[in-house]
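Structure record follows, encoded as structure tokens.
The values are calculated or read from the model by the stated rules, or taken from the named source; none is laboratory data. Keep in mind that what you see is a predicted model, and the values were worked out from it rather than measured. A quick note on method: Cβ atoms are made from the backbone with ideal geometry, for glycine too, and the neighbour counts reach across all protein chains shown. Please note that ligands, DNA and RNA were not included when accessible areas were found on the heavy atoms of the full protein model with its side chains. Shrake-Rupley method; radii C 1.70, N 1.55, O 1.52, S 1.80 Å.
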Amino acid sequence: MGATIKSIGIYHPEKEIFNSYFESYLDTSDQWIKERTGIERRFHVSEKEFTSDMCVKAAQNLSDNYNRDLTEIDFIIVATTTPDQFIPSVASQVQSRLKIPNAGTMDISAACAGFVSGIILAKGLIAAKTHQKILVIGADELSKVTDFTDRNSCILFGDGAGAVIVEASEENHLFNVITGTNGDYGKDLYVSYQDAPIGNTDIIANSKLHQNGRMVYKWAVQTLTKGLKVLAEKNNVTLEEIDYFAPHSANYRMLEAVFKGLNISMEKCLDSVRSYGNTSAASIPFAWYTGIREGKLKLNDKLILVGFGGGFNYSGIYLLNRIEAM
């Protein structure tokens with residue numbers, strides 16, 4: 001049994017945050033932020049808006065874009081590190097609010113690699129012939145866990161959600177994958193609600209995101225560079241044959257460094273970070289959606305998705321784009 005993806009939807013909050021916002025209270029500037037990250041704006045949720053709200057709206061956007069009947073979905077996977085509550089899962093709330101009658105549900109926590117990890121899990125469920133149509137959503141509201149006094153990190157993050165349906169198909173369009181983890185680096189990027197050490201390292205348990213920016217940047221560049229090469233090799237294609245790449249959009253300058261090192265034109269890189277900031281699990285569907293809306297990504301284009309992030313895990317997949325322009 002093959003698997004394919006033929007529909008996509010996104011949602012971002014209404015509250016638009018330009019770089020000038022941070023100039024008003026931090027020692028920073030629009031130029032400084034753009035030079036180091038490429039980010040021009042991001043969107044933040046309101047006080048009464050939560051991850052489940054964004055997930056529902058992204059799924060509804062998918063349904064509107066492609067006239068899909070969401071009640072036919074038989075499993076829901078939500079990738080998020082910012083759930084409304086620990087219990088119940090965000091996925092179960094999506095099931096309830098969209099009135100999907102016969103769907104199993106699951107949240108997964110893989111940070112910025114979550115969306116691709118969700119697709120890989122859905123692909124496996126379809127291969128096992130246990131499910132037919134799986135809604136995969138990547139969503140995070142990082143503004144709720146951001147320390148806005150930390151000049152180096154608060155400028156990075158935005159909120160949003162992106163959704164696709166992975167469905168059974170006679171022709172397979174989702175191919176070989178890569179996954180991996182180096183949990184030894186967990187102390188270098190974390191959010192904790194309780195005073196539990198990571199490995200042998202004590203942490204700050206204030207429910208805010210903490211990261212060792214230099215370590216994260218170095219690991220991300222090395223991991224993405226190697227991951228793109230390995231994923232192409234596993235699928236018996238060259239990087240030159242790939243039409244577009246949609247890596248996790250953490251920092252545009254980082255993406256430029258990786259693609260320059262691989263001698264790949266940035267014209268082939270679909271990003272969302274310049275317009276939406278680092279939206280964690282939502283960044284790849286945002287980039288994918290934008291590539292389609294802008295007329296770049298065409299039907300049957302060869303596409304590579306690679307996510308990498310907290311927990312220092314990564315996941316990637318090679319696929320044929322079967323999503324038509326809206």
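Which ones in the range 258-291 are more than 16 Å from THR37 (Cα to Cα) and polar (S, T, N, Q)? ASN263, SER265, THR290, listed by residue number. Is the range 174-185 home to any residue that is more than 21 Å from the chain's Cα centre (by Cα) and either at positive phi or buried (at least 16 other Cβ atoms within 10 Å of the Cβ) (or both)? No; the residues of the range 174-185 include none that is more than 21 Å from the chain's Cα centre (by Cα) and either at positive phi or buried (at least 16 other Cβ atoms within 10 Å of the Cβ) (or both).
If I ask for residues that are among the basic types (Lys, Arg) and either crowded, with 16+ Cβ neighbours inside 10 Å or touching a residue at least 40 places away in the same chain (Cβ under 8 Å) (or both), which ones from the range 244-267 would you list?
Within the range 244-267, the subset among the basic types (Lys, Arg) is 253, 260.
Within the range 244-267, ARG253 is the sole residue that qualifies.
Between SER280, SER275, the distinction of being closer than 24 Å to ASP140 by Cα, open to solvent by less than 10 Å² (accessible area, probe 1.4 Å) and among the hydroxyl-bearing types (Ser, Thr, Tyr) belongs to SER280 only. Here is a check on your reading of the model: is VAL306 open to solvent by 10 Å² or more (accessible area, probe 1.4 Å) and in contact (Cβ under 8 Å) with a residue 12 or more places away in the chain? Judged against the criteria, VAL306 is not a match. When ALA91, ALA103 are checked against the criterion of being free of Cβ contacts under 8 Å to residues at least 60 places away in the same chain, closer than 16 Å to VAL164 by Cβ, touching a Phe, Trp or Tyr at 6+ places or on another chain (Cβ under 8 Å) and surrounded by 19 or more Cβ atoms within 10 Å (Cβ to Cβ), a single residue qualifies: ALA103. Does the range 284-297 contain any residue that is over 30 Å from PHE18 (Cα atoms), modelled with pLDDT of 95 or more and surrounded by 16 or more Cβ atoms within 10 Å (Cβ to Cβ)? Scanning the range 284-297 turns up no residue that is over 30 Å from PHE18 (Cα atoms), modelled with pLDDT of 95 or more and surrounded by 16 or more Cβ atoms within 10 Å (Cβ to Cβ). Within the range 204-243, restricting attention to residues that are in contact (Cβ under 8 Å) with a residue 60 or more places away in the chain and over 23 Å from ASN321 (Cα atoms), the residue that is surrounded by the fewest Cβ atoms within 10 Å (Cβ to Cβ) is SER207.
Kindly check whether there is at least one residue in the range 41-50 that is open to solvent by 50 Å² or more (accessible area, probe 1.4 Å) and closer than 18 Å to ALA287 by Cβ.
So the first thing to find is which residues in the range 41-50 are open to solvent by 50 Å² or more (accessible area, probe 1.4 Å), and the list is 41, 46-48, 50.
Now restrict to residues that are closer than 18 Å to ALA287 by Cβ: 41.
Yes; the residues of the range 41-50 include at least one that is open to solvent by 50 Å² or more (accessible area, probe 1.4 Å) and closer than 18 Å to ALA287 by Cβ.
Just one of the numbered conditions (1) in contact with a helix residue (DSSP H, G or I) (Cβ under 8 Å, 6 or more places away or on another chain); (2) among the β-branched types (Val, Ile, Thr); (3) more than 30 Å from ASP53 (Cα to Cα) is not true of ILE165: (3). Out of all the residues in the range 140-162, is one or more open to solvent by less than 40 Å² (accessible area, probe 1.4 Å), small (Gly, Ala, Ser), under 19 Å from ILE33 (Cα atoms) and modelled with pLDDT of 95 or more? Yes, the range 140-162 has at least one match.
Checking each residue in the range 199-209 for being under 30 Å from ALA246 (Cβ atoms) and out of contact with any strand residue (DSSP E or B) (no Cβ under 6 Å at 6 or more places or on another chain) picks out only LYS208. For beta carbons closer than 6 Å, sequence separation of 6+ or different chains, a first residue in the range 72-83 that is farther than 16 Å from GLY309 by Cβ and in contact (Cβ under 8 Å) with a residue 12 or more places away in the chain and a second that is of a type in the set (Gly, Ala, Ser) and open to solvent by 10 Å² or more (accessible area, probe 1.4 Å), the qualifying pairs are ILE73/ALA103; ASP74/ALA103; PHE75/ALA103; PHE75/GLY104; ILE76/ALA103. Give me the residue from the range 7-18 that is farther than 14 Å from ALA58 by Cβ and touching a strand residue (DSSP E or B) at 6+ places or on another chain (Cβ under 7 Å) and, out of that set, surrounded by the most Cβ atoms within 10 Å (Cβ to Cβ). Filtering first and then ranking leaves ILE17. Report yes if ASN61 is open to solvent by 30 Å² or more (accessible area, probe 1.4 Å), under 29 Å from LEU156 (Cα atoms) and either in contact (Cβ under 8 Å) with a residue 60 or more places away in the chain or in contact with a Leu (Cβ under 8 Å, 6 or more places away or on another chain) (or both), otherwise no. Yes, satisfied.
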